[in-house]
Amino acid sequence: MIKFLMPLWILFLLMTASAAHAGDIVDRIVATVNGHIILQSDWEDALHYEAFIAEHSPEKLTFVDRKAVLDRLIDQELLRQQIRPSDFQHASDQEVAARIQEIRAQYPGAQSDSGWSAALIRYGLTEKQLKNNRVALQLDLLRLVDARLRPTVQIDSKSIESYYNQELLPQLRQAGTQQIPLAQASPKIKELLTQRKIDQLLTAWLQTLRTGSEIRTQPATPDSEGQAR
C-alpha cells in the first residue's frame, strides 16, 4: 500500500478556516485585507481550530505560531476574495457533512457523540460553527484552488518513472514492503506530483495576490498576544 502525505496546500486550507466562537473576547482589528477586517476574535478562532486539528493546547502556541496563523488568515482572505459568486459552485450540504464525518473519524475519541461534543467543547467550538463557517469555507477554497491551478499542471511519464525509481522504490525497500509495479503505482504518483506542483503554484499565486493587495497589520500587544491563544 502506498502512503502519500496530505499536500501542503490542503493542510494550509484545512488549518486556516475560521469562525467566531462563544467567549468574552475584547475585539480589535488585527489586520485589514483590501478593506476586509480581520478581528482579534478571528485570530483567536483560527488558533483554537489549529490546536483542535493538531491536538495541541492553544496555550502552548508560541508567538511565532500565532504570527504564522495570522499570516495564513490573511492568505485565506486573499483567496476568498477571488471567489466570484456568479459562476462559483459552493460546497453542498452533503459535501460538508461528509467532510465533518472525515474529521470525526480522524479525531481520537470522537466516534461517539459524547466524545465528539467533548472534543469540540474543549476547544471552544460547536458543530454548527464547524459546519457553517469552517468546513464549508474550506471546501470552497479547495475547489477554487483546484479549479484555478490544476488545469495548468502537466505531469509526464518521465517524471512519474523518476519518482517511482528514486523515491517510491527506496521507501518500499526501507519499509520491507513488497514492490508495486510501475503501471499500478502510476496514477497515485501522478496525483502526488500534481499536488506538489499545485502547492508550488499556490505559493506563487498568494505572493502575487499579496503584492497587488493592500494589507495592513496591527502590531501585537502583550494583552492581544495573551488573548490570541
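Where a number appears in this text, it was derived from the coordinates with a stated rule and is not lab data. The structure displayed is predicted, hence computed values, not measured ones. Cβ coordinates were reconstructed from backbone atoms using ideal geometry, including for glycine residues, and neighbour counts include every protein chain displayed.
Here the label points at D156 and K188, each 7 Å from Cα along the C-beta direction, are separated by 2.6 nm in the simple model. Near Q218, the amide H atoms lying under 5 Å from its own belong to A31; only residues 5 or more places off or on other chains count, and H is placed 1.01 Å from N.
Given the options Y49, I83, N34, identify the residue whose Cα lies farthest towards the positive end of the charge dipole of the stretch 32-83 (+1 on Cβ of Lys, Arg; -1 on Cβ of Asp, Glu). Of the options given, the answer is N34.
Classify the stretch 50-113 as rounded, prolate or oblate, taking a ≥ b ≥ c as the square roots of the eigenvalues of its Cα gyration tensor: rounded when a/c is under 1.5, otherwise prolate if a/b is larger than b/c and oblate if not. Note, shape of the stretch 50-113 comes out oblate. Computed from backbone phi with θ = phi - 60° and the Karplus coefficients 6.51, -1.76 and 1.60, the 3J(HN,Hα) list for the stretch 156-168 is 8, 5, 5, 5, 5, 5, 5, 5, 4, 6, 8, 10, 5 Hz; x is used for glycine and proline.
Each residue of the stretch 134-143 is assigned a 3J(HN,Hα), and the resulting list reads 10, 5, 4, 5, 4, 5, 5, 5, 4, 5 Hz, derived from the Karplus form 6.51 cos²θ - 1.76 cosθ + 1.60 (θ = phi - 60°), x at Gly and Pro.
Subtracting the Cα-Cα distance of E59 and T203 from their residue separation scaled by 0.36 nm leaves 49.0 nm. Summarising the amide proton neighbourhood of L39: residues at separation of 5 or more, or on other chains, whose placed amide H is nearer than 5 Å comprise V30. Stretching R173 away from Y107 to a fully extended chain increases their span by 20.7 nm, per 0.36 nm per residue minus the current alpha-carbon distance.
Placing dummy labels 7 Å off each Cα toward the beta-carbon, the span from I121 to I29 is 3.8 nm.
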